[in-house]
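Q: Pasting a structure here, questions to come.
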Amino acid sequence: MTMVQPPRRFGSTEHLASEAIAAFVDGELRMAAYMRAAQHLSMCPECAAEVEAQQQARHALRSAADHIPRMPSSLRGTLSNIPSHLCDPTPRPQAEEGFAARRWSILRRR
């Protein structure tokens, strides 16, 4: 027999997780979760402030797409003239690897 759990209620000391705030602002919560979060936000100024900050950040990011900086054609030309052989695709060994190799060669000599 399956027991049906009553809907979870937020305690007076609980706050919405940052993921829940982002989902709330993005409209990604299911209706029941959205309603619980909205009820909590009506009683919790801290979480309401977090939602406001998330909404402002979302708006700023969306409006930033309208102001994409343009690359000057002179810079594009300069970059395209860089010889490709100067771009070394091989990764350089990390400093720790070099240290370990030197240490190993010293130990082998003993």
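The values are calculated or read from the model by the stated rules, or taken from the named source; none is laboratory data. Please read these numbers as outputs of a predicted model, since none were measured by experiment. With ideal geometry, Cβ positions are generated from the backbone for all residues, glycine too; neighbour counts draw on all protein chains shown. Calculation scope for accessible area: heavy atoms of the full protein, side chains included, ligands and nucleic acids excluded. Shrake-Rupley method; radii C 1.70, N 1.55, O 1.52, S 1.80 Å.
Q: Just the number, please: carbon plus sulfur as a percent of the accessible area of segment 18-66, 1.4 Å probe, no ligands or DNA/RNA counted.
A: 54 percent
Q: Using the Karplus equation 6.51 cos²θ - 1.76 cosθ + 1.60 (θ = phi - 60°), what ³J(HN,Hα) coupling, rounded to whole Hz, does each residue of segment 45-52 give in order, writing x for Gly and Pro?
A: With coefficients 6.51, -1.76 and 1.60, one gets x, 5, 5, 4, 5, 5, 5, 4 Hz.
Q: Going through segment 18-83, which trypsin sites (Lys or Arg not before Pro) have at most 14 other Cβ atoms within 10 Å and a DSSP loop state?
A: Of the trypsin sites (Lys or Arg not before Pro), the ones in loops of segment 18-83 whose Cβ has at most 14 other Cβ atoms within 10 Å are Arg30, Arg70.
Q: In whole Hz, what ³J(HN,Hα) sequence does segment 58-65 give by Karplus (6.51, -1.76, 1.60; θ = phi - 60°), x for Gly and Pro?
A: For segment 58-65, the Karplus curve yields 4, 4, 5, 5, 5, 6, 5, 5 Hz.
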